[in-house]
1. Suppose every K and R has +1 on its Cβ and every D and E has -1 on its Cβ; what is the size of the dipole of the chain about the Cα centre, in Debye to the nearest 20?
2. List the relative contact order of the stretch 55-212 as a percent without decimals, with contacts defined as Cα pairs under 8 Å and 6+ residues apart.
3. Working with all protein chains in place, sort Tyr69, Tyr148 by solvent-accessible area computed with a 1.4 Å probe, largest first.
4. So for the chain, taking the charge dipole from beta-carbon charges (+1 Lys/Arg, -1 Asp/Glu), which of Thr95, Ala199, Ile23 sits furthest toward the positive end?
5. R0 = 41 Å: FRET efficiency of Asn87 with Ser170, Cβ-based, nearest 0.05?
6. Sorted from largest to smallest, which semi-axis lengths in Å does the alpha carbon gyration tensor of the chain give for its equivalent ellipsoid, taking the root of 5 times each eigenvalue?
7. Please sort 179-190, 116-127 by packing, taking for each peptide the average over its residues of neighbouring beta carbons within 10 angstrom, highest first.
8. Counting Lys and Arg as +1 and Asp and Glu as -1, each charge on the Cβ, what is the dipole of the stretch 145-212 about the Cα centre in debye, to the nearest 20?
Amino acid sequence: MQPVRLTSTLQGAWRPTAGGIQIWTSGSLGGTCTLGFNSTTSTGVTGFITASHCAPYALGSGSTGATVYQNGSAYPVGTIVNNPKWNISDPGCGTYTLCTYADVMMVKYNTGITNQKWIMETSSVGTGGASGSLTVTASWQVNGTDFYPATGDVVDKMGRTTGWTRGTISNTCQTVVVVDPYTGASGVDLCSNSVTGAAAGFGDSGAPVFNQ
């Protein structure tokens, strides 16, 4: 574990960046979300994973090129480089034209942005539907171990709005309807996992969900 700056919150400006901190995109379709996991592709591109619907574009459009900020326009960190279109053809899509297997996109870091494969740890965890702390006290190192969630597993989430929360996987591989809060457009995310007992709020989108 590396030392981190104390008494700062997940909504602050962090270097190096890590999972659980606030990110932001500008424009009428932009907004606040949460950095998921820092990652490096097989071709050496360093960036992070977050939710596709956090992109400042129409839901499921697959557009790229927008700048992502860490804590407001003074802190640009990267550019959206991979944002698969929601154009899957599957019986589970039903009547929805926007359909995907994963609400996910990748942001490539700008040169000089330091990052670590960490998830921030805050001072307390919220259970039973309660929010957790936003105050960062330490960090966990992501070890990259595959995790195949099953009903009954306990998982944690670290989000910029409700902080560190904990719940139990209640169902796996469910079809979930995602609604764009800005345009009202709806799409389907196939084979998602649902969690009960963990608080989540607007801005937590993209937050890392993990098993300790």
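The values are calculated or read from the model by the stated rules, or taken from the named source; none is laboratory data. All values derive from a computational prediction rather than experimental measurement. Note that we place each Cβ from the backbone using ideal geometry, even for glycine, and neighbour counts take in every protein chain shown. Just the protein is used for accessible areas: all its heavy atoms, side chains included, with ligands, DNA and RNA removed. Shrake-Rupley method; radii C 1.70, N 1.55, O 1.52, S 1.80 Å.
1. Dipole of the chain, to the nearest 20 debye: 500 debye.
2. 21
3. Sorted descending by solvent-accessible area, the residues read Tyr148, Tyr69.
4. Value: Ile23.
5. For R0 = 41 Å, the calculated efficiency reads 0.90.
6. 25, 22, 16
7. Per-residue mean Cβ counts within 10 Å order the peptides as 116-127, 179-190.
8. Details: 3 positive and 6 negative charges, 34 e Å.
Its charge dipole is roughly 160 debye.
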